[in-house]
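I have placed the structure first, in the form of C-alpha cells, so that the comments after it can refer back to it.
The values are calculated or read from the model by the stated rules, or taken from the named source; none is laboratory data. These figures come from a predicted structure and were not determined experimentally. As a convention, Cβ positions derive from the backbone with ideal geometry for all residues, glycine included, and neighbour counts pool all protein chains shown.
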Amino acid sequence: MGLSQQLKEAEPFNHLPAALFEDLQRVAQLRSFPPNTYVFHQSEPPTGYLYVIREGLVEITLMNPGGVEMVVDYRQEGQFFGATPIFSDDPYSAGARTVRKTDCYLIPAESIRTLAREFPQISAYFTRIVLSRVRNLYGEIVADHSQKALTQMEAYPFKKRLSEIMSSPAVTCRPEDSARDVARRLTEAGISAILVLDAEGRLQGIITERDLVAKALAPRDSDPDSLTAGAVMTPQVHGLSPDTYMFEAMAFMTAHRLRHLPVLDRGEVVGIVTLRDLMRFRSQKAMLLVGNARQAQDFAALAAVRREIATVARTLLSETRATPDVMEILSYIHHTIIRRAFDLCLEQMLAEGMAQPDVRYCFLIMGSGGRREMLLHPDQDNGFIFEDFPDERLAEVEAFFVPLAARLVKALDEVGYPLCTGKVMVDNPLWRGRLRDWRARIHDWVNEPEPQKVRYSSIFFDFVPMAGDGTLAQDLREIVHQQIRSFQGFLYHMMSLDLRYRVPVGLLGRFLTEKSGPHKGELSLKHGGTVYIVDCVRMFALERELTEITTLERLDALVKRNVFSAETAEHIRAAFEALSFLRLRNELIMLDQGQPPSHHLNPHNLSKTEQDLLRESFNAVSKLQDATKRHFARTPF
C-alpha cells in the first residue's frame with residue numbers, strides 16, 4: 001500500500017484534501033529496517049521525521065523506574081510512530097524497535113508542521129496525545145508508586161511478551177529438504193526444533209529432535225538422505241502472535257502439551273519460543289498460580305491460590321504496568337480458579353453416580369468477571385444457559401443441574417468469591433434457563449424496564465462463557481441484540497436510571513463524601529466513577545450491537561465507528577485507568593492493614609497530586625455522563 005492510501009485511512013490525516021497526500025508522497029523517504037533494530041531509543045533527540053509503516057511490525061518500548069524495558073504498544077502496517085517531538089521538540093518519550101523487517105515512509109517533521117498551519121486539527125491531534133492532564137497525572141502517580149513498592153517478587157511472565165523473548169529469525173527449512181540436512185542444521189544452530197515453510201513462506205509444520213529420532217533414525221528401513229522434511233514434520237502447528245503475554249503462552253503450551261511454539265504475525269513466522277525459554281523467565285511464585293489452579297484437587301487448594309492473587313497484583317503495580325493489563329491478568333487467574341471449581345463440582349456429581357443429561361449447556365460469568373476487569377475481591381455473578389430441550393425433559397435436567405448449581409455457589413464461596421447480595425447466581429432460578437427462557441426474560445427486561453430489571457440487565461449484558469458449549473453464549477448475545485433492536489427506548493430507560501446520580505465532586509472541586517454510615521467521610525471509586533464509565537460505554541456498545549466485552553475494547557470499537565472522537569476516548573480511557581489504579585492500590589493497602597478490600601476511600605488522605613488526578617478523572621466521567629444523556633434522550637421509541 002502506498003503512503004497516500006495509508007494516510008487517507010489514518011487519523012488525523014483522513015479528512016485532508018486528496019492533493020495534499022501526493023505532496024507528502026513526494027517529500028517522503030522509504031527506508032527499510034532489519035528485524036530487532038531500534039529506529040530510535042527513549043530520550044534520544046528527535047530524528048526529524050514522522051514514521052509511517054508501509055510493511056512490518058514495530059514495538060513501542062518504555063523503561064520503567066526500575067530500569068526494566070517494557071513493551072507498551074505495537075504499531076503495524078498503516079500506523080505511524082515518532083510523532084511526539086514534532087510539535088514539542090522534546091526527546092522521544094518512548095523507544096521504537098522492529099520485530100521483523102520493517103519498511104517505513106519517513107515524512108519530514110517540517111512538512112507535518114507546515115500542513116498543521118493550514119489544518120490546525122493536525123497539531124491539535126498530536127498535542128492532545130501529549131498533553132492529556134489525566135494521563136500525565138496518572139503516569140506520575142504510577143511511576144511514584146513503582147519506585148516506592150516494597151514487593152519485588154519476580155514476575156516476568158506478567159510483563160513480558162513473546163516478541164521480547166522469542167528467537168528471531170527462526171531457523172527454517174523447506175518440505176523437500178532431506179532429513180539429514182535438517183539434522184545437520186539443528187546441530188549447527190544448537191537448537192531443538194526447526195520450522196518447515198513452503199515456497200511462499202507459509203508455515204507447514206515443525207520438526208523436533210524427537211521427530212528425527214522417531215521417524216528418520218530409529219526405523220531400520222529409513223534413509224535420512226531420501227526422507228524429506230515434509231515426511232518427518234508434525235503438521236498443523238499451533239502458533240501465537242508476538243504480542244501474547246508469557247503467562248498466556250505458558251498456559252497454552254501446557255494445555256496443548258507443546259515444547260516449541262512458532263510466533264506468527266498475521267500468518268507470517270517472526271520467531272519461535274520453547275518451553276525452556278519460558279521456564280527461564282517464569283516466576284518462582286506468581287507463574288505457579290495458574291498451574292496450581294488447574295491441578296487443584298480440592299477447594300482448599302483453590303482457596304490457597306485465590307489468596308495469592310493480592311501478591312501478584314502488588315507486584316504488577318510495582319512494575320508500572322497499565323492498570324487494564326493488571327485487571328486482565330488478575331481476571332485470567334480468577335477465571336482459571338472459577339473454571340477449576342466448576343470442574344471439581346461436576347466431577348463430584350458424576351463420581352456420586354448422578355446422571356448428567358445429554359443436553360448442551362453453558363456456564364456463564366457476568367459483571368466485572370465477564371469484562372475481564374476483576375480486582376481483588378469480586379463476588380459471584382453467574383448463570384446457566386441450556387439448549388431448547390422440550391418441556392418433558394425439564395425434570396430430568398433440573399434433577400442434575402439444580403444440585404450442581406447449589407454445590408458450585410457454595411464451593412465458590414468457600415474458595416473466596418462471596419455470594420452476590422442481589423442473588424445473581426446459578427442457584428437462583430432467575431439465572432438459569434433455556435435459550436427460549438432467556439429470550440422471554442430479556443424481552444421482559446427490555447419492554448418493561450423497571451429499576452430492578454435494568455439493574456439485572458446491567459450485570460447480565462457483560463456475560464462470557466466459562467464452561468460447556470460456548471456457542472450457546474453466542475446465540476444468547478444475538479437474542480440480546482434482537483430484543484434491544486426491537487425497542488431502542490430501553491437504552492433511554494437504562495440511561496435514566498443509571499445516571500440519576502452524579503460524580504462525588506461539588507462546586508469549586510470539593511469532594512462529596514458520605515455523611516453517615518460505615519463509610520462516613522469516604523467516597524466510592526466504583527459507584528462514584530468507574531461504574532459510570534462501564535455503564536455509559538456499554539449503552540453505546542449495545543446500541544451499535546458490538547461483540548466486544550471489555551470496557552476499553554468497546555471504547556476502541558466505538559472510536560472506529562465514529563461514535564467517540566479519539567480525543568474523547570483518550571480522556572475516558574485515562575480516567576478509567578486512573579480510577580482503577582487508585583481502587584486497586586487502596587484494596588492492597590487495606591489488605592496490608594488487615595481489613596477487607598474496599599472501593600471506598602477518604603480522598604483527603606491522598607496527596608495533592610492524587611487529589612488532582614481524582615478530580616480530573618471525575619470531571620471526565622461527568623462529561624461522559626452528559627454526552628450519554630444527550631445522546632439517548634434523543635432515542636426514538
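For region 300-339, the set of residues classified as surrounded by 22 or more Cβ atoms within 10 Å (Cβ to Cβ), touching a residue at least 40 places away in the same chain (Cβ under 8 Å) and more than 30 Å from residue 573 (Cα to Cα) consists of 302 only. If you filter region 195-218 down to residues that are buried (at least 17 other Cβ atoms within 10 Å of the Cβ) and of a type in the set (A, V, I, L, M, F, W, C), you find that the one that is nearest to the chain's Cα centre (by Cα) is 203. Looking at region 498-508, which of the residues that are without any contact (Cβ under 8 Å) to a residue 60 or more places away in the chain and surrounded by fewer than 18 Cβ atoms within 10 Å (Cβ to Cβ) is nearest to residue 629 (Cα to Cα)? So the residue we want is 500. Candidates in region 347-368 are the residues that are of a type in the set (D, E, K, R) and out of contact with any helix residue (DSSP H, G or I) (no Cβ under 8 Å at 6 or more places or on another chain); of these, the one that is nearest to residue 389 (Cα to Cα) is 358. Within region 402-426, residues that are in the same structural domain as residue 380 (by TED's automatic domain parsing) and under 23 Å from residue 354 (Cα atoms) reach partners that are of a type in the set (Gly, Ala, Ser) and crowded, with 23+ Cβ neighbours inside 10 Å with beta carbons closer than 8 Å, at six or more positions or on different chains, in the pairs 408/341; 411/341; 412/341; 425/383; 425/405; 426/383; 426/405. Can you find, within region 111-142, the residue that is modelled with the highest pLDDT among those that are within 17 Å of residue 3 (Cβ to Cβ) and of a type outside the set (Val, Ile, Thr)? Ranking the candidates gives 111 first. Total residues in region 494-528 satisfying the condition of being part of a loop (DSSP other than H, G, I, E, B) and small (Gly, Ala, Ser): the figure is 4.
Have a look at 492, 501, 532 and point out the one that is under 30 Å from residue 611 (Cα atoms), in contact with a helix residue (DSSP H, G or I) (Cβ under 7 Å, 6 or more places away or on another chain) and aromatic (Phe, Trp, Tyr). Steps first, answer last, please.
Working: 492 fails: under 30 Å from residue 611 (Cα atoms); 501 fails: in contact with a helix residue (DSSP H, G or I) (Cβ under 7 Å, 6 or more places away or on another chain).
From the options 492, 501, 532, the qualifying one is 532.
Kindly indicate whether any position in region 346-356 is crowded, with 16+ Cβ neighbours inside 10 Å, of a type in the set (A, V, I, L, M) and assigned to a loop (DSSP other than H, G, I, E, B). Within region 346-356 (the criterion being crowded, with 16+ Cβ neighbours inside 10 Å, of a type in the set (A, V, I, L, M) and assigned to a loop (DSSP other than H, G, I, E, B)), the answer is no, since none of the residues qualifies. The combined condition, being at pLDDT below 95, of a type in the set (D, E, K, R) and either in contact with a Lys or Arg (Cβ under 8 Å, 6 or more places away or on another chain) or assigned to a helix (DSSP H, G or I) (or both), is fulfilled by residue 306.
Could you tell me whether residue 352 is farther than 26 Å from residue 473 by Cα and more than 19 Å from the chain's Cα centre (by Cα)? When the stated conditions are applied, residue 352 passes them. Taking each residue of region 458-481 that is touching a residue at least 40 places away in the same chain (Cβ under 8 Å) and looking for partners that are surrounded by 20 or more Cβ atoms within 10 Å (Cβ to Cβ) and acidic (Asp, Glu) with beta-carbon atoms closer than 6 Å, six or more apart or interchain, yields 459/381. Only one entry in 181, 221, 265 is modelled with pLDDT of 85 or more and surrounded by fewer than 18 Cβ atoms within 10 Å (Cβ to Cβ), namely 181. Of all the residues in region 598-637, those that are surrounded by 17 or more Cβ atoms within 10 Å (Cβ to Cβ) and not in a helix (DSSP H, G or I) number 5. Looking only at region 509-552, count how many residues are without any contact (Cβ under 8 Å) to a residue 24 or more places away in the chain, of a type outside the set (Ser, Thr, Tyr) and farther than 21 Å from residue 618 by Cα. Summing the residues that are without any contact (Cβ under 8 Å) to a residue 24 or more places away in the chain, of a type outside the set (Ser, Thr, Tyr) and farther than 21 Å from residue 618 by Cα in region 509-552 gives 6.
On the stretch given as region 402-449, residues that are surrounded by fewer than 20 Cβ atoms within 10 Å (Cβ to Cβ) and in a strand (DSSP E or B) total 1. Taking the criterion of being surrounded by 19 or more Cβ atoms within 10 Å (Cβ to Cβ) and modelled with pLDDT of 90 or more, the only residue of region 274-299 that qualifies is 299. Evaluated against (1) in a helix (DSSP H, G or I); (2) touching a strand residue (DSSP E or B) at 6+ places or on another chain (Cβ under 9 Å), residue 467 falls short on exactly one condition, (1).
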